[in-house]
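Here the structure comes first, spelled out in structure tokens, and everything after it is commentary.
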Amino acid sequence: MAATTAPAARKLPIAKAINESLRASMEADPKVLVMGEDVGKLGGVFRVTDGLQKDFGEERVIDTPLAESGIVGTAIGMALRGYRPVVEIQFDGFVFPAYDQIVTQLAKMHARALGKVKVPVVIRIPYAGGIGAVEHHSESPEVLFAHVAGLKCVSPSNSADAYWMLRQAIECDDPVIFFEPKRRYWDKGEVDPAAIPGPLHQAKVVKEGTALTLAAYGPMVKVCLEAAAAAEEEGNSLEVVDLRSISPIDFDTVQRSVEKTRRLVTVHEAPVFLGSGAEVAARLTERCFYHLEAPVLRVGGFHAPYPPARLEDEYLPGLDRVLDAVDRALAY
Amino acid sequence: MTVESTAAREEARRSGTGGKRAAASGEPSTSRSASPGGGKGRAAQGASNKQGAAKKKPAAKKAPAKSRKPAKASAAQPGGDEFVQLLTPEGERVHHPSYDVDLTDEELRGLYRDMVLTCRFDAEATSLQRQGELGLWASLLGQEAAQIGSGRALRTDDYVFPTYREHGVAWCRDVDPTLLLGMFRGVNNGGWDPNTNNFHLYTIVIGSQVLHATGYAMGVAKDGADSAVVAYFGDGASSQGDVAEAFTFASVYNAPVVFFCQNNQWAISEPTDRQTRVPIYRRADGFGFPGVRVDGNDVLACLAVTKAAVERARTGEGPMLIEAFTYRMGAHTTSDDPTRYRTDEEHASWEAKDPIARLRGYLEREGRADEAYFAAIEEESEAMGKHVREAIRTMPDPDTMAIFENVYADGHALVDEERAQFARYLSSFADAPAAGSTQGGH
Ligand SMILES: Cc1ncc(C[n+]2csc(CCOP(=O)(O)OP(=O)(O)O)c2C)c(N)n1
Ligand SMILES: [Mg+2]
């Protein structure tokens, strides 16, 4: 996949890594299009598509009317015509006008056509909180999509994954919802466009440990790494698994980790109730019940609307909430 | 808020006695001006309304049928200059065959005061954002006339569904301006009781409120009240399915709703030609109700046209679309950088059409307000700025446990459980020596 003239490895913020990923994908395949609100001249409200319209033209980097159902619906049509649209939804809370198209059409079309058509649409959604925004700009709706068969859902936590996972999502023949942790957009990490990436849906152990496994994805991976560092000082060795993919979930990697550490805490910003952590807990309990020394604990958001910005620090699971769960799990 | 007070207010609102029927000269007369006091008027008119409305010539001046613009048509002036104007940019009073207002000097000065104070409040909010007191602000700069003109056309029993930029309309509805700051400061997601001033909460998801306004209007009609409902939305919003569906429902049910679109030429970085190839007001045609474009920087024209539209709504003639042709003089919000997508020349051309300057020019030329008056307004606006600055600095942060408040009207076991758990968790920090540090409690 890496182009022969791939640029050298560089430290890039996540937003820029995604930009480079889009650029490389468009260079590699003329069928790749970018569509969304304000993605052209403005380069998107987070500047993720900065400069793309200038370099690839208005035919390939398309400022759309302000209508999400229209954006996704027409992206489906273009995919049926052989294009590979990469759609940007401006913020998590604005995907819902398109939810019908995504759930009733995009997700099911391949199956309904008995496999005769493919709809390789990627929907990029800057998601989750932590930027002090107004309502509808901080939500974590990933399970509303992961629950739907026919959709794949992924969320990178760092620049290298952002770059490679998006390239892989665009190459994937299935619809992929690509959740971008917006509060990490400015975090820098090394991106090597000549590297050979692992599979898109494979989880990664990002820190090894022995006493307990933290499983997270997207914005919460950083929090878990910080929690692991804090626990280390208290003599507790935590392993951190970056799930990277929420549909499918790589349970094998989590299982291997848990068979070693014997304790598992799942962490996400989305509400705990019926969240992806519940699925991980249930599967892992089935898979390695006799290895577990403690029930799988879940850390996440509350069953309440995302609060106004001045309460988000309390609402969001941070270091303390993760460590509190770690303590409880270790106490069993 | 008590149940009683709600009930009392509801009674006042429903009975439609909130104000006198507007009778501005030159407005298109309507066939259903009978039904004093509102009462059961609309219900009784029910079936015949539709016929009446169908037979009636729309109040709005019909746009001449024109062939579609070629694909590259500029949206800056679609439809040319066919808009309702009563006050030129130079402050000259002109007349229109279908729409007019006849205002006393005091009323004219009132509109001026409304615009100046709204503008001052807005500027104050922008600077509070710069100082870090607000997380974000969406300025109405340039849209004062569209908002004050339309807002002052309403009675107290009318109901408004705003976007997030209708600070001027809020002012007309007597909403305490400092309440508007709460959601931009991040202390709440709304912050006022919509039923106190018949001004619904700001809505951020583009277009949603236009359906709510339509449904509310359908309810007004069912009640037989003669209130009108106004849905505000932008040029960008006109692309949303919700808005098209609102037009359909309003038309099919002949709902007493006025669709007030402020075409400020931009939806963040996208010019109006990304949303439409025909002038927005002409969309009404296809839905079967009148649409009219008004000079959105002319407060008198906005007042006159909105008055005519709400009068239609009150008298059972159904919806109307108003496109107020205006300009967003500021950035989309304080997070936006318009230099990336629009020119200084465009901005300057709209500066010459300033809504406040033109009314002031008219008042001065006609001798309807003197220097002392303008000085007094200036003083009042200084005081308003001071008040807003003080209010923001004393605005309390919400209590942490507010996260769990009002999630449900009838309660929910899981919310109760999580609230209790979280309270226990928080109290575990209370006696820990390191409480407050990032690792408090550990
Ligand atoms: C459903 C939805 N999609 C996207 C957005 C992000 N957004 C906020 S304001 C805006 C532009 C709105 O333009 P317009 O309707 O013309 O209103 P204006 O801001 O110009 O007053 C966009 C795209 C949103 N709030 N809601
Ligand atoms: Mg606009």
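Quick look at the values:
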{"read-out": "Residue list for the range B:314-337, filter: closer than 17 Å to B:Ile204 by Cα and within 11 Å of chain A (Cβ to nearest Cβ)", "value": "B:His332, B:Thr333, B:Ser335, B:Asp336"}
{"read-out": "Residue in the range B:149-191 that is nearest to the chain's Cα centre (by Cα), counting only those that are away from chain A (no Cβ under 14 Å) and β-branched (Val, Ile, Thr)", "value": "B:Val169"}
{"read-out": "Any hit, the range A:78-85, residues being at positive phi and more than 16 Å from ligand 2 (Cβ to nearest atom)", "value": "yes"}
{"read-out": "Residue in the range A:223-256 that is nearest to A:Glu142 (Cα to Cα), counting only those that are surrounded by fewer than 21 Cβ atoms within 10 Å (Cβ to Cβ) and hydroxyl-bearing (Ser, Thr, Tyr)", "value": "A:Thr253"}
{"read-out": "Test for A:Val72: is it open to solvent by 30 Å² or more (accessible area, probe 1.4 Å) and within 16 Å of ligand 1 (Cβ to nearest atom)", "value": "no"}
{"read-out": "Enumerated helices (runs of 4 or more DSSP H) restricted to the range A:64-147, each holding at least 3 residues that are within 11 Å of chain B (Cβ to nearest Cβ) and at pLDDT 95 or above", "value": "A:68-80"}
{"read-out": "Flag if A:Val272 is touching a residue at least 24 places away in the same chain (Cβ under 8 Å), more than 12 Å from chain B (Cβ to nearest Cβ) and of a type in the set (Val, Ile, Thr)", "value": "no"}
{"read-out": "Segments classed as helices (runs of 4 or more DSSP H), wholly inside the range B:157-239, with at least 2 members that are within 25 Å of B:Phe121 (Cα to Cα), of a type outside the set (Phe, Trp, Tyr) and within 16 Å of ligand 1 (Cβ to nearest atom)", "value": "B:167-172, B:177-185"}
{"read-out": "Whichever residue in the range A:28-43 is within 12 Å of chain B (Cβ to nearest Cβ) and open to solvent by 10 Å² or more (accessible area, probe 1.4 Å) and, among such residues, is nearest to ligand 1 (Cβ to nearest atom)", "value": "A:Glu37"}
{"read-out": "Of all residues making up the range A:142-176, the number that are open to solvent by less than 10 Å² (accessible area, probe 1.4 Å) and under 19 Å from A:Glu279 (Cβ atoms)", "value": "7"}
{"read-out": "Residue, most open to solvent (accessible area, probe 1.4 Å), within the range B:223-265, restricted to residues that are over 17 Å from the mean Cα position of the chain (by Cα) and within 13 Å of ligand 2 (Cβ to nearest atom)", "value": "B:Ser239"}
{"read-out": "Count of residues meeting criterion [more than 18 Å from B:Pro89 (Cβ to Cβ) and either touching a strand residue (DSSP E or B) at 6+ places or on another chain (Cβ under 6 Å) or of a type in the set (Ser, Thr, Tyr) (or both)] in the range B:354-374", "value": "1"}
{"read-out": "Any hit, the range B:339-347, residues being within 14 Å of chain A (Cβ to nearest Cβ) and crowded, with 24+ Cβ neighbours inside 10 Å", "value": "no"}
{"read-out": "Conditions (1) open to solvent by less than 30 Å² (accessible area, probe 1.4 Å); (2) assigned to a loop (DSSP other than H, G, I, E, B); (3) closer than 23 Å to A:Gly275 by Cα; (4) of a type outside the set (Ser, Thr, Tyr): number failed by A:Phe179", "value": "(2)"}
{"read-out": "Test for B:Glu311: is it more than 11 Å from chain A (Cβ to nearest Cβ), among the acidic types (Asp, Glu) and buried (at least 18 other Cβ atoms within 10 Å of the Cβ)", "value": "yes"}
{"read-out": "Filter result for A:Leu33 (more than 16 Å from ligand 2 (Cβ to nearest atom), closer than 23 Å to A:Pro181 by Cα, assigned to a strand (DSSP E or B) and not basic (Lys, Arg))", "value": "yes"}
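Residues checked against (1) surrounded by fewer than 20 Cβ atoms within 10 Å (Cβ to Cβ); (2) of a type in the set (Asp, Glu):
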{"site": "B:Arg93", "(1), (2)": "yes, no"}
{"site": "B:Val101", "(1), (2)": "no, no"}
{"site": "B:Asp114", "(1), (2)": "no, yes"}
{"site": "B:Cys119", "(1), (2)": "no, no"}
{"site": "B:Glu133", "(1), (2)": "yes, yes"}
{"site": "B:Ala145", "(1), (2)": "no, no"}
{"site": "B:Arg152", "(1), (2)": "no, no"}
{"site": "B:Val160", "(1), (2)": "no, no"}
{"site": "B:Val169", "(1), (2)": "no, no"}
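The values are calculated or read from the model by the stated rules, or taken from the named source; none is laboratory data. Everything quoted here is computed from the prediction, not taken from an experiment. Positions of Cβ are generated from backbone atoms using ideal geometry, with glycine treated the same way; all protein chains shown enter the neighbour counts. Please note that ligands, DNA and RNA were not included when accessible areas were found on the heavy atoms of the full protein model with its side chains. Shrake-Rupley method; radii C 1.70, N 1.55, O 1.52, S 1.80 Å.
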